[in-house]
Amino acid sequence: MADSTIGSLPAASEITSQDLFVLEQNGEAKKLLGSILEDYVDRNIVDVTVTSVAPTANPTVSYDSSTGALVLGIPRGLGIASIAKTGTSGLVDTYTVTLDKAPSQAVATTFTFAVTNGNSISQIIPISAQHIPGSMDRYAIDMTNGTTVMFDVYNGANGTNGVSIASVEKVSGTGAGGSTDVYNIILTNGTVGGTFSVYNGADGQGSPGSATPLEDGTAEVGTATAYSREDHRHPSDTHKQDKNIYFDASDTECSVGTWTQQTSPDVPGFPYRADIYVAGVTDAMYAIVTFSAADALSGDYAPVSKTHTNGIYIYSKTNSAIALESIAILK
């Protein structure tokens, strides 16, 4: 026979057991009988059709599980090198088709298809099912391969009604405050389902107190039963320190305009003294006087002050009016 391309050959309509195929096995060219190929392909594939597609087209595969028909589309110029099962998941097998490698290919072209194997349940039907308590019912499972599996189900007797609580009854106790009462739980079948105790708190009682609220002191739980009215008021706490006094630049106390020259200065080197009036101040208190940054850095004003009755003394080297930043009287 003269050399010719595969595409010019007549197309085969089926594969028979006597057909010959060429395959490469372990680097050696061998012939393959159609009977071997038929045994190799899963029995669920009952018809294999090979068609040719353009040399530049991708291989195609389609499988109809209802008819078992497998259709392969092989690019012209290539043949099937092998068909092998390459995976299994449950009843589904995966097959890989490997084509002959073209001279221009580094790796042969492969593609896969899946085949579902085995039986499945077609229907479950009752054969004798009366559902009578204490009897057996029979069912049939029809399989897709035409076989039938039988199984029996035992019908248990109907359950009796459940038991619930009918009532809760006191069996002892007077209900008096500070005492304990005992109760029984009576069930619908007439039995006692349980017993529990209830402690009775004392009835509310008391009257409003007549004494004025106490001043803060040592903490105590207390034993009085009288209650306080909502408009009661506590006396001033003589144990607490009085509030400190603060003035800022907006207050008149921070505006100093009159200085008195001292013959014997309270603070050596600062002969002028200003007396700032602050009602309630005593010499037992402590004053913090803050000058502006410029005045504080000038060196003209003493960094000390002194409290006296109803006032504060500050000291200067000059007789000039100034404005203080703030005054704080600590009690």
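A few notes on this one:
- Failed condition for residue 271, given (1) under 20 Å from residue 250 (Cα atoms); (2) touching a Ser or Thr at 6+ places or on another chain (Cβ under 9 Å): (1)
Matching residues to (1) buried (at least 16 other Cβ atoms within 10 Å of the Cβ); (2) modelled with pLDDT under 70:
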site	(1), (2)
5	no, yes
11	no, no
28	no, no
54	no, yes
61	no, no
74	yes, yes
85	no, no
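- Within region 315-330, tally of residues that are more than 14 Å from residue 299 (Cβ to Cβ) and touching a Gly at 6+ places or on another chain (Cβ under 9 Å): 2
- Top-ranked residue in region 276-309 [being touching a helix residue (DSSP H, G or I) at 6+ places or on another chain (Cβ under 9 Å) and in contact (Cβ under 8 Å) with a residue 40 or more places away in the chain; ranked as farthest from residue 265 (Cα to Cα)]: 278
- The number of residues in region 88-105 being at pLDDT 75 or above and part of a loop (DSSP other than H, G, I, E, B) comes to 0.
- Take the conditions (1) at pLDDT 75 or above; (2) assigned to a loop (DSSP other than H, G, I, E, B); (3) not polar (S, T, N, Q); residue 156 misses just one of them, which is (1).
- Selection count where residues are farther than 17 Å from residue 253 by Cβ and of a type in the set (D, E, K, R), scope region 280-327: 3
The values are calculated or read from the model by the stated rules, or taken from the named source; none is laboratory data. Predicted model, so just to flag it, every value in this text is computed and none were measured. Here the Cβ is made from the backbone with ideal geometry for all residues, glycine too, and neighbour counts use every protein chain on show.
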